[in-house]
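Below: the structure, in structure tokens.
Computed from the coordinates by the stated procedures, all read-outs in this text should not be read as laboratory data. Bear in mind the structure is a predicted one, so any value in this text is a computation, not a measurement. Ideal geometry is used to build each Cβ from the backbone, glycine not excepted, and the neighbour counts take in all protein chains shown.
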Amino acid sequence: MTKPLRIAFLLFPNVTQLDLTGPAQVLSRLGNARLDLVWKTLDPVPTDAGFSILPTATFADVPCADILCVPGGFGTNAVIADDEAMAWVSGVGAEATWVTSVCTGSLILGAAGLLDGYRAGCHWAQRDMLTLFNAIPVDARTVVDRNRVTGGGVTAGIDFALTLTGMIRGEAHARAVQLALEYDPAPPFDSGSPRAADPDLVATYQRRVQSLAPTRDDDLRALAKRRGYAWDT
């Protein structure tokens, strides 16, 4: 009999849905596990993909969990500015067996005081911002530091979740999940990281993000100060 597990995903407006749904699909197959998508209310939550996702529970419904997972997206800063959401992340994360994230969700963990001195992953475009929260940025698809398991950008959430599955249920179980999902990536283009992509394409992406969220990094710095973190420059 496998140990029962409670898995809590933070669901928030403007989340990158694949940050959440990718690892949720994998972790739902841990066996003997209850998975909740948690937000303030049970009203539909809009994602960055133009559709909404229904929460399964509210903050009050899920005061604790074995696994906390925080996805990322353009709604990250709004979460960090939200005292109610951050109190839930901090409280659940303080007691969780596994504290995890995907993409810029690690910035939320950091702002909640859960990554001080930990190595962590993040989307490449904001990875360096982890230093605002005394975390150590690592360029990797999955980063494991004690009970903190963090993924890189978006699609790395599947890699992260398979890694965590192997750590919890064993490699054989994780391999079976990978096979069931036919996770055998063979991308048509070698352009999935700034190391591989054409520099002009990287610059184009950065300009697009700047146009969509011109104050994102400055706002994050201000939020870090508000959360009690000091930084230079």
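So here's what we get for this one:
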{"read-out": "The stretch 123-137 residues near the modelled ALA230 label - backbone nitrogen below 17 Å, point 7 Å along Cα→Cβ", "value": "131-135"}
{"read-out": "Reciprocal mean inverse distance between Cα atoms of the stretch 78-138 - Kirkwood radius, Å", "value": "11.4"}
{"read-out": "5 angstrom amide H check on THR47, placed H, neighbours 5+ away", "value": "ASN14, SER52, ILE53"}
{"read-out": "Distance (nanometres) between label positions extended 7 Å along Cα→Cβ at LEU201 and SER90", "value": "4.1"}
{"read-out": "Distance (nanometres) between label positions extended 7 Å along Cα→Cβ at ASP83 and CYS64", "value": "2.6"}
{"read-out": "All-pairs alpha carbon distance profile, the stretch 139-205, 5 Å steps from 0, percent", "value": "4, 15, 20, 21, 17, 12, 7, 4, 1"}
{"read-out": "Computed Rg/Rh of the chain, alpha carbon atoms with Kirkwood Rh", "value": "0.95"}
{"read-out": "Mean-position separation - Cα centroids, the stretch 4-46 and the stretch 50-98, in angstrom", "value": "9"}
{"read-out": "Sites ARG175 and ARG146, calculated FRET efficiency, Cβ-Cβ separation with R0 30 Å, nearest 0.05", "value": "0.80"}
{"read-out": "Ranked MET129, MET1, MET86, criterion: other C-beta atoms within 10 Å, fewest first", "value": "MET1, MET86, MET129"}
{"read-out": "Isotropically averaged projected area of the stretch 187-230, using the convex hull of Cα atoms (one quarter of hull area), nm²", "value": "4.5"}
{"read-out": "Gaussian network model of the chain, Cα within-10 Å springs - most flexible of ASP66, ASP139, ASP218", "value": "ASP218"}
{"read-out": "Relative contact order [Cα under 8 Å, 6+ residues apart], the stretch 1-152, whole percent", "value": "20"}
{"read-out": "ALA213-THR2 FRET efficiency (beta carbon distance; Förster radius 30 Å; 0.05 resolution)", "value": "0.10"}
{"read-out": "Chain lengthening between ASP190 and LYS40 when straightened (0.36 nm per residue, less Cα-Cα)", "value": "50.0 nm"}
{"read-out": "Computed label-point distance, nm, for sites ARG221 and ASP139 using a 7 Å Cα→Cβ extension", "value": "2.3"}
{"read-out": "Cα-based Rg and Dmax for the stretch 123-177, where Dmax is the largest Cα-Cα distance (Å)", "value": "12.4, 39"}
